[in-house]
Each structure stands twice: as C-alpha cells, then as structure tokens.
Ligand SMILES: Nc1ncnc2c1ncn2[C@@H]1O[C@H](COP(=O)(O)OP(=O)(O)OP(=O)(O)O)[C@@H](O)[C@H]1O
Ligand SMILES: Nc1ncnc2c1ncn2[C@@H]1O[C@H](COP(=O)(O)OP(=O)(O)OP(=O)(O)O)[C@@H](O)[C@H]1O
Ligand SMILES: [Mg+2]
Ligand SMILES: [Mg+2]
C-alpha cells in the first residue's frame, strides 16, 4: 500500500494542534472530575441524606448511559428548553459528569479500603468527623486509589474522541474531517494512531509503574 | 486511692438483639489499675469500646467524674480527649510520621501550640525510648515500637484514664516485654488504667484489681493474688486452667 | 532413634546478597522432634521453607533419606508429599470445605481413591476433634480449629516429616492449647517433626533436641532440659531472659 | 492508489470463487452473478438519498436506484445486499472489496477520482447557504469571516474547504445535528444541498436561503473500485437505459419533488441518462 | 408528516428494538469472548516466563493506546488490502471488541491473581500441587470472586462501546436512533425524544449489571 507522505507532512501541524486539543480537553476534564469526585466522596462519607441519593443517581447515570447521548442531550436538546451551552462548556460538563461518576466510585472503594480501625483510632483521639475525613481517611484513600485513578484518567482521556460529534476539533474530528474530504484514509488513520501512541504509551507505562509501586499500599517516602 | 473516676451502672450492650454486655456494674477509682480477663468473645473489647464511645450502649449509665457520658451534654469528641485508648493492632496513621501521628490530636483537636505539644511529645517519646524515631514512618518500625508510639499518641492528649485492649496480642513474643514495661511504668506513676490482656503474669504484676468476665457478665472482681491463687467462680478456674495446663505439661513418652 | 531422615550440610541462603542462613549443619533422625528457637528474623522460617523447596538454596546440600533434594532428580512436587508443612496463618483454601481442603492433595496429587482418602481424612479429623466440621468452610471456624484442619491437611498426605512454622503465633491464647495438644499427640506417635515456636513450655515438653539460631547461624544444639537450665551461649541466655524476665516481674510500687 | 494489477488478479481468481466465500464484494460482473447478489454501500441516515422507513427497510433515491441495478443485473430487485456506510468509510469499503458499488450521494472530485472510479453522474446538486433572517447575510461574499456549519463530507464541505479559506467551518456528522446547531445559533449559516434546506426552512420560519449557489453543478455519482471498468461501464450503460424510461425522474418525484416544490425543474437536479 | 412526539415514540419502537437487539447480540458475544480470552491473557500477564509476559505486555500497550476505531479499520479495511484476508463485518467488529475486552478483563484477572495472598500458593505447593493444579483448584476460583465486580463494570462499557461497530456497517442501537431522527429531520423534537428513549434503553441494559456487580461485591467482601 502506498502512503502519501507529502499529504501527511502537510497536515502534521493540524494533528499536533488536534493532539493538543485532546490533551487540553482531557486534562481539564480530569481536573473537574476529580473536583466532583472529592465533593461526592465527602457527601458519601458524611452520609448527607438527600445528597447521597443524588450522588448515587449521578453515578448510575454516568456509568450506564453512553457519553455520546449525554453529550447530545446537553448540546442539542437543552437549547430547546432555552439553555444554550457552548461546545466547550458542554464538553466539560459531560466529561466531568462521566469522569466524576467513575472517579467517585474509585474513591469510594479507596475509602472502603481504609481500615475501619483507622477511623476508630482517629475518633479515639477526639478528632471530629471532618478532621477524620481531612487528615486520616482522604489522604489514605487517595493513595490507595492512585493506580485505579490513573487507569480512569486514561479511560477518560480516550473518551474525548466522543466530543468530535459536537464539532470540537480534537484528534478524531480532525481525522474524520480529512478522511471525508480527501479520502486519504490510511494516511490520516496512521497520523491519528501515532498521535494517540505518543499520548497514551507514556501514560500506560506510568500506570504500570504506579501499580507496582502502590500495589502493597506503600506509604510515605 | 482517689475519687471515683469511672462508674458503670447496669450497662447493657447488644448487637442486633444479641446481648454482649449484661448489666455491668464497675467503679474505677483515680489512680487505679483494673485488668479485665475473660475468654474470647466474652465482651472485654466491647466494654472498653463503650467507655470510649465507639459503641453506643443500650441501657444503664456510664459516669465519668460523675457526669453521664451518654446524656449528650458533652460530645464524645470532647470526652475522648480525657479517655485515651490503645488498640491491639496499634492503628497508627500510615501516611504520617511518628511525630505527626502523635501531634494530630494535640494540634487539631486541642489546638495546642506546636512548640509546646512537640516538646511534650518528645518527652514522652524519650520516655519510651523512641525519640530517635520521631521522623520515621510507622512501616519502618517494628510492632513493638509501633505500639509504644500508639501509647504515646494517646498519652500526649493528657488523658485521665487509659484503656488498653490486648495491646500485646499482635506482637512478636520478644517485643511484648518492651510494651508491657511502658505500661508498668505508667502504673507506677499513678495513671488510671483499664487493661484487657492475656498476659497473666503481667496482669498479676500490674493490677490493683482483676475483673473476670464471661458471657457478657462480670463473674468475679478480686485482687490479683486472690484471683490467681483462689479463683472463686468455676468459670474463672476453668479459664485459668486453659492457660496453665500446658505449662505444667505432661511432655511426651520417649519413643 | 531411627535412621537419619534429613541432613543439612553447609546450607547457605541469601536474599539479594543478604545472607540469611549461614553454613547450616543439622541432622534429623526418623521419629525425632527438633524445636528451633531464636529471635525474630534469625532465619528460622527461612530454614523450614528451604526444606520444603519454597526457597531455593544458594549453597550446601539438603539430603532427605540420603537423596540430594536439589539435585533436580526428583521434582520438589514429589518430595513435598513426603514433607508436610503447616504455616502460621493456616492458609486454608477459603473457597473449599474442610473436607475438600484436606482431600485436594490426596486426590489430585496422589491420585488416591476418594473413598479411601476420605476415610483417612475422617479418621484424622476425629482425632483432632473436628469431624463434625468436615462440611464447614474455613471462615466458619475459629483460628484454633482452622489450624488443626491445616495440620490434618498436611497429615493426610502421609508425610514422613512435618514442618511447623509458629503455628500458634496467630492464635488467641485460649486456642493455643488445642493445637499444641495435637502436636504433642503426633510426637508421642513417633512423627518426625521440625518445629519453630515461641511457646517455651511447649518446646520443653515436646522436643528431643532444641536448636538455637541467631543471625542465620546455629548457635547451640542441646536437649531441652540442658538448654533451658544451662544455656551455653551468651546469645541463648539473652534470648531466654527476654522471655522470662517479665514473668518473674517486679510488680509495681503501691501508689 | 491500490494498483490495477492486483485487481485483475483478483478478478480472475475470484471468478472461480463460490458465492459462499464470504461477504467480500468488489468483483467483476461474473463474480456478482456467481454470488447471486449485488453488494451496495448506502447511507441509512441521509434522507432523501439513503434512509430507512419505519420498519428499518433501506429506501431513498440512492437505495432505490441500487435496487433497480440489482433487478436489471440479476433479474430480481431483492438480490441486493445493502451495507450501511458512513461518510468516512465509503471509499475504504470499495478499496477493500467489501462492496461492489457505492451509491451514497458521493460528490465527484479530483482527489476522489484518484481513489475510486466514478460512473456517470445521477444528480447534480446545487448547494446553498441557509442563514437566519436576523443575520443580515445576503450574498456569498458576506460569508467572509463568518462561522458556517456544514455536514462532514458533503459537497458543501468540500467546496468551502477548498474555495473559501476565509470562512470558518463547523462540522457535524449528520444533517439534523447541523440544522439544530443552526437553529441554536451555533453558526451564522448552514451550507448544504439545497433541497434539504428547502423543506426544513419551510417548517422553521426565520431562516432564508442566500439565493446564490455555491457551486452550480456538483456531479454526484455512484462509484466502483478503482480499475473495475467492467462494472463501471455496465452502470453507465444501465443509466443510459434507465434514462429512456425516465427512471430517475420517478425517483425524483418520490423523494425530492416534495422537498423542492413543484416549481423546480427536475432536470436541474437529476442527470437522466447519466449526462450532465 | 407532522407526528406528535407520542406517535413518533410509538412508531420508533420496532426500529429501536432491532437496534437494541443488535447491540445486545454483539455485546453478549463480546463479553463471552472477552472473559474467555481475558482469563488466558491475565495468566499470560502473570506468567513466570519472559516471552509470554513480554508478548502480552506488547499486545496490552497496543490495544490500550490505539483507538478501537483504528483497530476496526485495520481488521476490516486494512487486512483485505494488505494481505487479502477478508473478515465479514460482524466478525471483525466482534474480533476488535473482544480483543479490547480481553485486555481489560485480562488486567482485572491479573490484578485479582496478584492480590491473592502468597500463602495460598505456598500452601498449595507444599501439598505437592503442580503449577496447573495450583491455578485450576486454588488461584482461579478465588480470583474469580475478586474480579467479578470490576469485570461486570467492563461489561457495561462493552455495551456502550459496541456503538463504534457501525463504522464497518454493523447495525446497533445508536445508529437505529439516528436513522429515525434523520428521517424526521423536520421535526425539531425528534432528537430529544429519540435520544431520551435511547438513554433509557441503555440504562435498562446496563443498570441491572451495575446492581449485580454491587451485590457480588457485598456478598464476596468478607
Ligand atoms: N460489631 C459487632 N457486631 C456484631 N457482634 C459483635 C460486634 N463486635 C463484637 N461482637 C460480638 O460481641 C461479643 C463480644 O465481643 P468482644 O470483641 O467484646 O469480645 P472480647 O472479649 O474482646 O474477645 P477477644 O478476647 O476475642 O477479643 C462477641 O460474641 C462478638 O461476636
Ligand atoms: N522473601 C524475602 N526477601 C528478602 N528478605 C527476606 C525474605 N524472607 C525473609 N527475609 C529476611 O531473612 C531474614 C530471616 O527471615 P525469617 O523469616 O527466616 O526469620 P524468622 O527467624 O522466621 O523470624 P520470625 O520469628 O519473625 O518469623 C530476615 O532478616 C528477613 O528480613
Ligand atoms: Mg477483644
Ligand atoms: Mg518466621
């Protein structure tokens, strides 16, 4: 098979830009998702009644409906109810909805993995429930969660492809645009693959490293 | 012996309808060392946990310096500062250094100044012989060292009573001694203590009174010599036998 | 006493260059009970694990009935059927019933008939007083019961030597006795055993010979009476002191 | 790009292949006849070219035309297998011998001619730009610097990308998405085949077409695999034959007339007989 | 042809049902193959031998880092062009999804195996069990309990990811919905109604799995 390398070179800058966009969206989405997840964990930890139900509902919706449909709902359906969000706002809401749901699950099992005795010895020195969460549970849950949290980062970063559906110029959008225009199918797919390899291979190796490092719950140093 | 520090009156505790403590009456005077003995599952740990508010009780009253602990007037969080507790498996916070473990309570709960609290902590650390470990992480320490840190962590809150729940049960036999000696030391200084242990010799050495429990009830309260030499209840005798029979062991017939 | 069953000659073992066993020489005769004592980390467990092929050795030879175990002629898988091992934390298979735990080896490894092996297993179970638990799952049993099952599991392979690595260390004090009695019973019947334990009285009662190790070396081999009354090496004396000092405890000054 | 040499080899070898050898298409007429069915790639969500009815049957201008091909080639219009394609996968389906023919509203361009062989056209679509009346845009020149919505891979997308670098394009996958985006004000206009726009703007007041056409005659044609001249020639001849009975006009009347309104001359849209 | 929202919903049901069935079919098959392949893959990943470990690691990194879409293109469009190997659309979709599912499940299997206490292996060895017997009788049955909840979570992701297969012409739920929406492109509420309905359908498909996984997690926690 003959590859049109000139064509690939010509569009390299577009792909670099798109790769940057993918990373930017992914990065911001991860940040917001973490934020959401910490708040959710807080709610779950303190069992703030009506809110825990909301958190559960969120988790179930996020995990059991496709991101594409969430995205379409926000982007195309909400304006009919008079709420118009920009593409980027939509992306960040939808992705933090998804990521927040997944990350909360990660934190939840992380918190459950912190032994009950840790809470008890915290209580025994008179810590309030907030102090217990802040100084004892959260730092340990975070550390325990690191490998699966990282696996979820990768998952979320991959889900960014879905946002091409609402015209956000990330990697997949760029690739399919060029394919539908010029039909340099294999050239464009190869470019996309290379971009994803550049992004994901290092992350994947980092994940492997973190997993080995934290498998036995190493703390400190 | 001082005034009554702890008074338990008809304390009841059940888990899902299963009665674990049955009408417990017990007084502990200031400066007194009470050792609680009894077979596994008889409710010793539960008793200590009730005194620390880790388990709510279903009946009776717990008085600390004459105040009803479960009246809800003083939150448990405050009371716990006066009642220190040490657990079987140390439960140090693995993500903090030794010093941070010890200072968490004094700084965050009691809002003491770091300087003053740290000085206090270091004094206590050097008393248990671990001052040089103050910047180590728990996992870098042996079990015996961790348990001594746990004791310091509780002491640094300046409690008026200390509760010890089988604090040497998880330790290698060689490390038992170093922990027991810290406790003996505390007893000598007049700390009020409630101790659950299976170390009979230590119990005998440290206790002012032995409380023997079985099936959620207090069967016998006696001074150590009396208890070990002339246990009154059949259940206590049976219990003591289990411990001592093998020691007077029959050995084996030569093959 | 019978022929030499196990012979260790200049056995060397290191972990990442750190020498854990240093030129160990030891003979165990058939029917003999050898108890290994020594401080934590001195290499006792490692020694047993080498004898069971769980750790490869870096030097010396291990002979079992005169055969070099590491020559590779007989695979470890086969040898292990003759050398039973019981661990500190029982390690029963949690997803199998007691009987299935016991029969796994006899059926799958030794390919014995289910009828015959089950009869064997039941005989052993009733010997340790647990026949009624044969269909229970491990989590439904107490630690002492689980450990007795673990011993039966090893015995049901009809081994010629049994290795015990601190089998009572994880048990509640009351359950220690029931396990030690099973072992005493085995000793009386003439089973060859290598036992690592911290139960001094039991060691004294069961042992034909005491092996005292420290820092990866054998420091002293002596009959139990001699060892406990007149330890030869300074290190053994120091070790024994740690155990006994608190028992002759100084008590506390009355406050 | 994937040479004709390999193709002829394919043709000779596959001629002997039994029909059961899998779904692979891209064959000569002999192979299609052996197989007993024509494999055609169509859109299933692009009315009026290729879409589905309530029951999920594939219908539309393109799909019905393909059915007619099957009937004339194999004697029965049910001897056809439709494969759902997407704008991005149309040409790979041909290149990899997965289908014999693509009839999926494909605009003929020079780049695409390098990848596939087009038959004679069946349509020439005029593309226009639909804008909000409030936007004040009146001519194509007004589009400069504006944000224009297109649907990925359409004629309008091709034209604007190539000829109007001064226009910012926002691309969606499907027509309804583009229309919705226009309605929500996510762009200043929507460039698309005009009859799609006609019908929609009738139901959604407040939007008008810029009268100027982007490109007067963008030919749309079925495509075969590069080098499959045998099938291409057959289709060309077939289109000629169909022209005599005004078959495309029939399709026009069924699918397009209503959208465009009776006032439009059908010959501005269809290329009966395959002639522009 | 102005339908009411209710009519639209009602008329769309058969077509959505077909899409649902298509999604269900490929998802179920993918799940079966992923579990079967995943167990093998997890074992390779934990192998003591270098070669299988290396090989499985390379496969893992490739599958993880290259988008599924690209794999679909490769197996369906690439193989015929490069090697003249023709896989039917459904088969290649199933192959790609299963390959991906296999690595996901494989990683879970690996995690479960590695999380088993070392004592279990040693106890089994000391009974003379061979490596294979160790796996079959001791490790795998225990690992299954640990991996069931996370594996079920992968199943729900398989259900959702299966929508990619439309690229190679395999029908599925989302495409069915889009066909309906596009058919009614002049109805502005079509997309709201249909996407809403699809969200419900996906939820109905995945939520039971989610509940089931939580149950197992609770039951096998001890
Ligand atoms: N959280 C709980 N839920 C239900 N039952 C409990 C709980 N904690 C303890 N129990 C039960 O209460 C009884 C007393 O338990 P406790 O731990 O106080 O015994 P113990 O005397 O400390 O025994 P050990 O010497 O083994 O520590 C036991 O029967 C135990 O099963
Ligand atoms: N897998 C291993 N890797 C590295 N070092 C090890 C390993 N196992 C044991 N060691 C080291 O070998 C030495 C001997 O360990 P071993 O477990 O045999 O001691 P022990 O006498 O059984 O102690 P204890 O009474 O605590 O069980 C210790 O210093 C230990 O840290
Ligand atoms: Mg207890
Ligand atoms: Mg050991």
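Evaluating kT/(6 pi eta Rh) at 25 °C and 0.890 mPa s, with the Kirkwood radius of the stretch E:1-134 over Cα pairs in the Stokes-Einstein relation, gives 136 µm² s⁻¹. For chain D, take the longest principal axis of its alpha carbons; what is the angle in degrees between that and the long axis of helix D:194-203, to the nearest 10 within 0 to 90? The angle comes out at about 50 degrees.
In terms of the mean number of neighbouring beta-carbon atoms within 10 Å, the peptides D:234-240, B:3-9 order highest first as D:234-240, B:3-9. Rounded to 0.05, the FRET efficiency of the residue D:78 and residue D:267 pair, given R0 = 25 Å and the Cβ-Cβ distance, is 0.20. Provide the FRET efficiency to the nearest 0.05 for the residue A:117-residue E:11 pair, computing r from the beta carbons and using R0 = 51 Å. Calculated transfer efficiency: 0.25. Is any residue of the stretch C:1-29 close enough, with backbone N under 18 Å, to a label point placed 7 angstrom from the Cα of residue C:58 along the Cα-Cβ axis, and if so, which? Answer for the stretch C:1-29: C:9-25.
Over the stretch E:126-222, the hull volume per residue, using the convex hull of the C-alpha atoms, is 110 Å³.
When each of the peptides B:85-94, E:114-123 is scored by the mean number of other C-beta atoms lying within 10 Å of its residues, the order from highest to lowest reads B:85-94, E:114-123. Every Cα-Cα pair in the stretch B:60-134 was counted, and those over 21 Å apart are 40% of them.
Across identical copies of the chain, residue B:232 has label-point separations of 5.3 nm, listed in ascending order, with the point defined 7 angstrom from Cα along Cα→Cβ. Annotation for residue C:169, label-to-label distances across the other copies: 1.8 nm (shortest first, one decimal, point 7 Å from Cα along Cα→Cβ). The spread of Cα positions in the stretch D:79-219, taken along each principal axis and listed from longest to shortest, comes to 49, 29, 23 Å. For chain B, a Gaussian network of Cα nodes joined below 10 Å ranks B:138, B:75, B:231 by mean-square fluctuation, and the top entry is B:75. Please compute, over every Cα-Cα pair in the stretch D:155-276, the percentage with a separation greater than 23 angstrom. Distances greater than 23 Å cover 45 percent of the Cα pairs. With Rh defined as the Kirkwood radius, the inverse of the mean 1/r over Cα pairs, the Rg/Rh of the stretch B:142-229 is 0.97. Here the convex hull built on the C-alpha positions of the stretch E:60-117 has a volume of 78 cubic angstrom per residue.
Under 17 Å from a point placed 7 Å out from the Cα of residue B:107 along the Cα-to-Cβ direction: which residues of the stretch B:62-95 have their backbone N that close? Within reach of a label on residue B:107, which here means backbone N under 17 Å from a point 7 Å along Cα→Cβ, the stretch B:62-95 contributes B:93-95.
Ranked by the mean number of other Cβ atoms within 10 Å per residue, highest first, peptides D:63-70, B:166-173 order as D:63-70, B:166-173.
Once both labels are positioned 7 Å from their Cα atoms along Cα-to-Cβ, the gap between residue D:166 and residue B:100 label points is 6.3 nm. Computed log10 I(q)/I(0) for the protein assembly as shown at 0.04, 0.05, 0.08, 0.09 Å⁻¹: -0.34, -0.51, -0.97, -1.10, from the Debye equation with unit scatterers placed on every C-alpha and solvent omitted.
If both residues of a DSSP beta bridge must be in the protein assembly as shown, then about 55% of such bridges are antiparallel. Rounded to 0.05, the FRET efficiency of the residue A:60 and residue B:12 pair, given R0 = 35 Å and the Cβ-Cβ distance, is 0.30. If I model the stretch E:5-221 as equal point scatterers sitting on the Cα atoms and use the Debye formula, what is log10 I(q)/I(0) at q = 0.07, 0.09, 0.10, 0.14 Å⁻¹? Per q value, in the given order, log10 I(q)/I(0) is -0.30, -0.47, -0.56, -0.93.
The convex hull drawn around the Cα atoms of the stretch A:120-221, when projected onto a plane and averaged over every direction, covers 9.5 nm².
Need one number: the % of Cα-Cα pairs in chain B sitting beyond the 35 Å mark. It works out to 17 percent of all Cα pairs. Its residue count N sets the reference 2.2 N^0.38 Å, and the alpha-carbon radius of gyration of chain D equals 1.04 times that reference.
Take every Cα pair under 8 Å whose residues are at least 6 apart in sequence, average their separation, divide by the length of the stretch C:4-254, and the relative contact order is 26 percent. Angle check, please: helix D:4-16 long axis (alpha carbons) against the longest principal axis of chain D (alpha carbons), in degrees 0 to 90, nearest 10. That works out to roughly 50 degrees. Relative to the longest principal axis of the Cα atoms of chain E, the long axis of helix E:173-183 lies at roughly 10 degrees.
A simple spin-label model places pseudo-atoms 7 Å from Cα toward Cβ; at residue A:2 and residue D:233 they are separated by 2.4 nm. The spacing between the stretch A:28-74 and the stretch C:34-91, judged by their C-alpha centroids, is 54 Å. Beta bridges per DSSP, both residues in chain B: antiparallel share near 55 percent. For the rotational copy relationship between C and B, the axis lies nearest to a chain C beta carbon, identified with its distance in whole angstrom as C:170, 5.
The distance between label points at residue E:189 and residue E:18 comes to 2.6 nm (points 7 Å beyond Cα on the Cα→Cβ vector). Shielding of peptide C:144-155 by partners, expressed as the average count of other chain Cβ atoms within 10 Å per residue Cβ, is 1. The calculated pair-distance distribution of the stretch B:1-108 uses every alpha carbon pair, bins of 10 angstrom beginning at 0, and gives 12, 40, 33, 14, 0 percent.
Ranked from shortest, the separations from the 7 Å Cα-to-Cβ label point of residue C:15 to its equivalents in the other copies are 3.4 nm. Show log10 I(q)/I(0) for the stretch A:21-160 at q = 0.09, 0.12, 0.19 Å⁻¹, two decimals, from a solvent-free Debye sum over equal Cα scatterers. Cα-only, vacuum Debye calculation for the stretch A:21-160: -0.31, -0.53, -1.08. Taking only the Cα atoms of the stretch E:1-45, the radius of gyration and Dmax are 18.8, 59 Å. Shielding by partners for peptide B:87-99, expressed as the average number of C-beta atoms from other protein chains within 10 Å of each residue's C-beta, is 4.
Ellipticity at 222 nm from helices only: DSSP H runs of n ≥ 4 in chain D, each -39500 (n - 2.57), divided by the residue count, give -10000 deg cm²/dmol. Counting, for every residue in D:45-56, the Cβ atoms of other protein chains within 10 Å of its Cβ and taking the mean gives 5.
Taken together, the values in this text are just the output of simple stated rules run on the coordinates, not laboratory data. As the structure is a prediction and not an experimental result, all values here were calculated from the model. All Cβ positions, even for glycine, are placed from backbone atoms using ideal geometry, and neighbour counts span all protein chains on display.
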